[in-house]
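The values are calculated or read from the model by the stated rules, or taken from the named source; none is laboratory data. Since this is a predicted model, take the numbers as computed values, not measurements. Methodologically, a virtual Cβ is constructed for each residue, glycine included, from the backbone with ideal geometry; neighbour enumeration extends over all protein chains shown. We work out accessible area using only protein heavy atoms, side chains counted, and drop any ligands, DNA or RNA first. Shrake-Rupley method; radii C 1.70, N 1.55, O 1.52, S 1.80 Å.
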Number of protein chains: 2
Amino acid sequence: MIERLALIGVGMIGGSLALALRQGGGCREIIGYDRDRASLERAVELGIVDRYETSACAAVHSADAIVLATPVGAVEGVCRALRGCLDENALLTDVGSVKGGVVRSVETGLGRLPPNFVPGHPIAGKERSGVEAASADLFIGRRIILTPLPGTTSEARARVRQLWERAGGVVEEMGVEHHDEVLAATSHLPHLLAFALVGSLSGLGERDEIFRYAAGGFRDFTRIASSDPVMWRDVCLSNRDAILDVLGHFERDLHALSESIAAGDGERLQELFQRAKQSRDRFNH
Amino acid sequence: MIERLALIGVGMIGGSLALALRQGGGCREIIGYDRDRASLERAVELGIVDRYETSACAAVHSADAIVLATPVGAVEGVCRALRGCLDENALLTDVGSVKGGVVRSVETGLGRLPPNFVPGHPIAGKERSGVEAASADLFIGRRIILTPLPGTTSEARARVRQLWERAGGVVEEMGVEHHDEVLAATSHLPHLLAFALVGSLSGLGERDEIFRYAAGGFRDFTRIASSDPVMWRDVCLSNRDAILDVLGHFERDLHALSESIAAGDGERLQELFQRAKQSRDRFNH
């Protein structure tokens with residue numbers, strides 16, 4: 001049980017965690033901080049936080065757990081603001097889609113890596129962002145990846161695990177670098193392709209007509225292009241190497257496909273599509 | 001009202017049209033032909049066709065309407081088999097995702113373009129293929145694009161329109177070439193990207209682990225990679241030029257995105273994502 005949780009960044013993910021912890025009885029009091037005052041007021045109205053503070057430092061005062069739930073690019077600045085305010089015993093975790101970049105930002109911002117810091121990433125989301133989109137059931141049955149650091153205490157690991165389990169998540173652990181490689185492939189690359197496709201089609205000129213004839217497949221395929229641009233900018237910047245690696249791999253594969261089409265190589269095309277279908281069908285089961 | 005409809009190719013799309021026409025009272029009798037005997041037997045069991053023939057020529061005998069619903073690559077062979085069997089007055093239409101290639105195949109196969117031929121394409125589908133996946137409500141409220149040819153009679157146009165309206169579709173007309181350009185962008189390209197992404201990730205080695213951490217966005221994004229490989233091979237081969245055009249455009253845009261990531265150009269990335277999000281959000285409404 002957490003007595004007082006400080007939620008730094010009151011958006012869709014942070015708000016959902018707060019709601020889930022309240023419902024799961026995992027937390028007695030939640031204090032919010034966000035640079036956007038309207039989000040804080042709305043969070044109080046929606047019963048997501050008990051009250052808010054207008055500085056991060058005030059928000060973490062006597063908190064026994066702190067969750068960083070800002071976009072990844074804001075973590076360093078927030079941590080800088082928290083220098084000197086952080087209780088040595090307070091649990092510290094985050095929800096960022098990139099772990100290496102967040103670990104560097106926390107270290108730079110705080111000037112050290114606290115032994116109670118357990119980086120985390122819930123594999124859950126929706127296209128809508130902001131506190132209004134928060135929902136208590138977002139994490140139920142979803143994987144939560146924790147990437148404890150060499151200096152992280154086992155007690156902090158256990159407590160962050162418990163926090164997420166109370167929110168309904170299924171917790172796993174892996175290394176920071178491995179997390180960033182896996183997520184570059186399964187999440188960051190698909191988002192980039194969806195943004196790029198919609199962007200590319202928008203540039204074709206007859207945009208409205210083109211979207212008019214788009215069917216369900218296109219709708220599903222591009223849903224993630226409605227995701228938060230600032231969050232995804234930050235993901236690209238902070239997981240640059242892993243993303244460029246998997247993106248380069250994909251660009252080469254796509255170009256080979258293009259060459260098979262140009263060559264009219266039906267056998268090769270069918271083989272490629274068949275293999276992809278088999279993988280995708282397996283993933284469904 | 002159609003007295004006798006010959007359905008050439010008894011798969012998901014053709015089967016759905018047959019079921020919809022039965023329910024809508026648009027057709028008295030449906031005769032099936034398919035090169036796969038098991039599909040024909042199953043189509044009789046499922047009440048999709050009244051009976052079947054084991055040659056295309058026998059199936060179109062005294063039919064007043066013929067629907068070609070094979071994969072696009074099989075149209076030429078089927079039409080060759082129909083030479084000399086086709087009633088001059090019979091309505092002829094198809095359901096292919098590519099129109100230029102189908103028109104060429106019909107002309108080559110039959111040796112001419114009959115004035116009762118109205119190429120058509122229902123913008124509807126699902127990932128599952130085969131007669132088992134047929135459903136009567138597939139076309140309800142969906143756009144059906146007809147691409148009548150210069151020599152097509154206005155009576156044939158009106159009758160094919162009526163046929164689709166009876167199946168629940170919303171019929172529009174456009175030119176063959178324009179259809180193929182629009183569909184290359186909104187359907188063929190997204191399918192290729194989904195196939196390429198799943199294929200590319202499958203090649204990364206740690207396949208099972210990678211798919212294990214994939215979330216809902218990935219699931220939606222790659223759903224269309226479960227589509228029928230033969231159908232998509234045929235689409236690539238018969239709409240090659242339009243696909244290569246839009247694919248080349250996309251490859252250039254994707255590479256520019258990759259360069260923005262490599263350069264750490266956050267401003268540019270946010271602008272790209274914002275623009276894509278705006279387009280996608282507009283498409284939702």
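Which Cys residues of the protein assembly as shown have no other Cys Cβ less than 4.7 Å away and so no disulfide-compatible partner by this rule?
A:C27, A:C79, A:C236, B:C27, B:C79, B:C236
State, in square angstrom and to the nearest 100, the accessible area buried between chains B and A, both chains counted, probe radius 1.4 Å.
Summing both chains' loss of accessible area gives about 7700 Å².
Residue by residue through the stretch A:25-31, which ³J(HN,Hα) values in whole Hz follow from phi under the Karplus form 6.51 cos²θ - 1.76 cosθ + 1.60 (θ = phi - 60°), with glycine and proline marked x?
Per-residue couplings from phi come out as x, x, 6, 7, 9, 10, 10 Hz.
Please tell me the relative contact order of chain A in percent, rounded to the nearest whole number, where contacts are Cα pairs under 8 Å and at least six residues apart.
Contact order relative to length: 17 percent.
Provide Rg over Rh for the stretch A:5-83; use the alpha carbon set for both Rg and the Kirkwood Rh (inverse mean inverse pair distance).
Rg/Rh for the stretch A:5-83 comes to 0.93.
For the stretch A:132-204, just say rounded, prolate or oblate: build the C-alpha gyration tensor, square-root its eigenvalues into a ≥ b ≥ c, call rounded for a/c under 1.5, and beyond that prolate if a/b exceeds b/c, oblate if not.
Here the stretch A:132-204 falls in the oblate category.
Got the B:S135 label distances to the other copies yet, label 7 Å along Cα→Cβ, in nm, shortest first?
2.1
Hey, what's the protein assembly as shown come to in accessible area per residue, 1.4 Å probe, Å²?
About 39 Å² of surface per residue is accessible.
I need the shape label for the stretch B:57-134. Rule: rounded when a/c is under 1.5, else prolate if a/b > b/c, else oblate, with a, b, c from the alpha carbon gyration tensor.
The shape class here is prolate.
Scan around B:I2 for amide H atoms under 5 Å from its own, H built in the peptide plane at 1.01 Å from N, and keep only partners 5 or more places away or cross-chain.
Excluding prolines and chain starts, which carry no amide H, the hits are B:C27, B:R28.
List the equivalent ellipsoid semi-axes of the protein assembly as shown in whole Å, largest first, each obtained as the square root of 5λ for an eigenvalue λ of the Cα gyration tensor.
The three semi-axes for the protein assembly as shown are 54, 23, 20 Å.
Please report how far the C-alpha centroid of the stretch B:90-135 lies from that of the stretch B:168-218, rounded to the nearest whole angstrom.
Using only Cα atoms to place each centre, the spacing works out to 21 Å.
Any chance you could check the Cα centroid distance between the stretch A:73-88 and the stretch B:28-76 for me, in angstrom?
70
At a 1.4 Å probe, which residues in the stretch B:215-239 are at least 50 Å² less accessible with all protein chains present than in their chain isolated?
Buried by the other chains: B:R219, B:D220, B:F221, B:S226, B:P229, B:R233, B:L237.
Treating cross-link reach as a plain straight distance, find the aspartates and glutamates whose alpha-carbon is under 16 Å from the alpha-carbon of B:K99, omitting any fewer than eight places away in the same chain.
B:K99 reaches B:E76, B:E107, B:E172, B:E173, B:E177, B:D180, B:E181, B:D234, B:D241.
Give the nm distances, rounded to one decimal, from A:V44 to the matching residue in every other copy, measuring between label points 7 Å along Cα toward the beta carbon; shortest first.
7.5
Shortest first and in nm to one decimal, what separations exist between B:R83 and its copies in the other chains, measuring from label points 7 Å along the Cα-to-beta-carbon line?
Result for B:R83, in nm, nearest copy first: 8.4.
When a/c reaches 1.5 or more, the comparison of a/b and b/c decides; with that in mind, is the stretch B:168-280 rounded, prolate or oblate per its Cα gyration tensor?
oblate
To one decimal place, what orientation-averaged projected area in nm² is obtained for the convex hull of the Cα set of chain A?
16.7
Compute the orientation-averaged projected area for the stretch B:39-100 from the convex hull of its Cα atoms and round it to one decimal in nm².
If you wrap the Cα atoms of the stretch B:39-100 in a convex hull and average its projections, you get 4.7 nm².
Running a GNM on chain B with Cα contacts under 10 Å, which residue among B:G168, B:G120, B:G248 ends up with the highest mean-square fluctuation?
In the Gaussian network model the winner is B:G248.
Would you work out which of B:L46, A:L244, A:V60 lies farthest towards the positive end of the dipole of the protein assembly as shown, given +1 charges on the beta-carbon of Lys and Arg and -1 on that of Asp and Glu, about the Cα centre?
So the residue furthest toward the plus end is B:L46.
Going Cα to Cα from A:K277, which lysines come in below 18 Å? Please leave out same-chain ones fewer than 8 positions away.
B:K126
Heavy atoms only, probe 1.4 Å: what % of the accessible area of chain A goes to carbon and sulfur, would you let me know?
In chain A, the share of accessible area belonging to carbon and sulfur is 45 percent.
Look at the axis of the rotation that sends chain B onto chain A, then give the chain B residue with the nearest Cβ and the distance in whole Å.
Of all Cβ atoms in B, the one closest to the rotation axis yields B:D220, 2.
Show me the helices of chain B, taken as full DSSP H stretches, that run 20 Å or more along their long axis by Cα and average 0.0 or above in Kyte-Doolittle hydropathy.
B:240-262
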